[in-house]
Amino acid sequence: MKRRDFIRATGAGAVAAGGLMGTAPAIAGRKIRWKMVTTWPKNFPGLGTGANFLARTITELSGGRLTVRVYGAKELVPAFEIFDAVSRGTAEMGHGASYYWKGKSEAAQFFSAVPFGLTAQEMNAWLYHGGGMELWREVYAEFGLLPAAAGNTGVQMGGWFNKEINSVADLKGLKMRIPGLGGEVLRRAGGTPVSLPGGEIFTSLQSGAIDATEWVGPYNDLAFGLYKAAKHYYYPGWHEPGTTLECFVNRKAFEALPKDLQAIVTHACRVANQDMLAEYTARNNAALRTLVEEHKVDLRRFPDDVLARLKQLSDEVVAEIADKDPLSRKVYDAFVKFREQVVAWSDVSERAYLNARQD
Ligand code: CA
């Protein structure tokens, strides 16, 4: 036994770590240092601090045997280059959102958020116990990456509007900052989706360059001061009903770790996934109260016919992803099947209870 353990620790591990990664072999007792690159500005509330939490959790659980240093966007590589950077081993880990990698793989979009898709609770059910994780691994396999869910914002807000949305017709000509699939849905509804980095949203809304913007939810939106630039705050965030944030790890770096450190990385992601959702839930409700009571924000629900039209268009847009390639078809079919089943259950559990509580 002793000899076999020794060979495993110093032989195969050393070849894997030294040979493939060009780093020191993972010999017991030696400290391993990993870099985590992120799509978020350093320490960005909720998302960036969620990445920090994950890094700290891995470092603490391993007793410092595996330390992870977090790099904000642009510190080591630009935000949207982290996928490639981890894929080629420039950094061992990345923290972002899978819909950013649509250009690499259309199917990747199903593992963050799709319009009228799954809530946070449903996403976790699909990923951990409904076959979703296996599909996600399959999608990232060709890039040499191992994905994990590592955070969730919960249901986002519909966004900030300078004009009222009373009917489907009000979406026509609406110039709104809304990226990705949600933006494509708005375009089909007659609007003009605009892509803007976070730092340009406030001034664009204030100057009238855009009529509306979505961002995240009350916690992040309050910090951005968006209530100073728009009158109406609409809900729900139909386009991002429970956005999963991700951690991906370079597969060769992961395989070079001893088994216990592999388990720590895997389970730390689960802890971070849960913790971010809890943080968003706690801070969003406090921030919503501040927005409504202190800043007198006009909180509004999208009209039913507007949501119905957006859902119809969303179903079209999401279904088209399936036509892009066979793997996207496979993931889409699994996703849609799970959504149908879980919606039936959520109706008689979460929805029924929430409705009952409100009465
Ligand atoms: Ca958003």
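The values are calculated or read from the model by the stated rules, or taken from the named source; none is laboratory data. Predicted model, so just to flag it, every value in this text is computed and none were measured. Cβ: placed from backbone, ideal geometry, glycine included. Neighbour counts: every protein chain shown.
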_Any residue that is loosely packed, with under 15 Cβ neighbours inside 10 Å and either of a type in the set (Lys, Arg) or more than 16 Å from the ligand (Cβ to nearest atom) (or both) - is there at least one of those in the range 210-224?_
no
*Failed item, numbered, when Val114 is tested on (1) over 30 Å from Arg339 (Cβ atoms); (2) of a type outside the set (Lys, Arg); (3) in a loop (DSSP other than H, G, I, E, B)*: (1)
*Select from the range 130-180 the residues that are more than 16 Å from the ligand (Cβ to nearest atom) and of a type in the set (Phe, Trp, Tyr) and write down the one among them that is surrounded by the fewest Cβ atoms within 10 Å (Cβ to Cβ).*
Phe143
_Pair list, Cβ under 8 Å, 6 or more apart: the range 281-293 residue within 14 Å of Tyr233 (Cα to Cα), other residue charged (D, E, K, R) and modelled with pLDDT of 95 or more_ = Ala287/Asp221; Leu291/Asp221
*Would you check if there is a residue in the range 243-262 being within 30 Å of Phe202 (Cβ to Cβ) and surrounded by fewer than 17 Cβ atoms within 10 Å (Cβ to Cβ)?*
no
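With the structure loaded, tell me whether Lys231 is out of contact with any Leu (no Cβ under 6 Å at 6 or more places or on another chain), over 30 Å from Thr67 (Cβ atoms), without any contact (Cβ under 8 Å) to a residue 40 or more places away in the chain and away from the ligand (no atom under 16 Å from the Cβ) or whether it fails that test.
Spelling it out, it is not the case that Lys231 is out of contact with any Leu (no Cβ under 6 Å at 6 or more places or on another chain), over 30 Å from Thr67 (Cβ atoms), without any contact (Cβ under 8 Å) to a residue 40 or more places away in the chain and away from the ligand (no atom under 16 Å from the Cβ).
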_Ala141 vs. criteria modelled with pLDDT of 95 or more, of a type in the set (A, V, I, L, M, F, W, C) and touching a Cys at 6+ places or on another chain (Cβ under 6 Å)_ = no
*Hey, can you tell me all the residues within the range 60-93 that are surrounded by fewer than 19 Cβ atoms within 10 Å (Cβ to Cβ) and either part of a loop (DSSP other than H, G, I, E, B) or among the polar types (S, T, N, Q) (or both)?*
Gly63, Gly64, Thr67, Gly72, Lys74, Glu75, Leu76, Pro78, Arg88, Gly89, Thr90
_Just to be sure I understand the filter: pairs with C-beta atoms under 7 Å, separated by 6 or more residues or on different chains, first member in the range 196-212 and more than 9 Å from Arg177 (Cβ to Cβ), second member in a helix (DSSP H, G or I). Which pairs pass?_
Phe202/Phe224; Phe202/Leu226
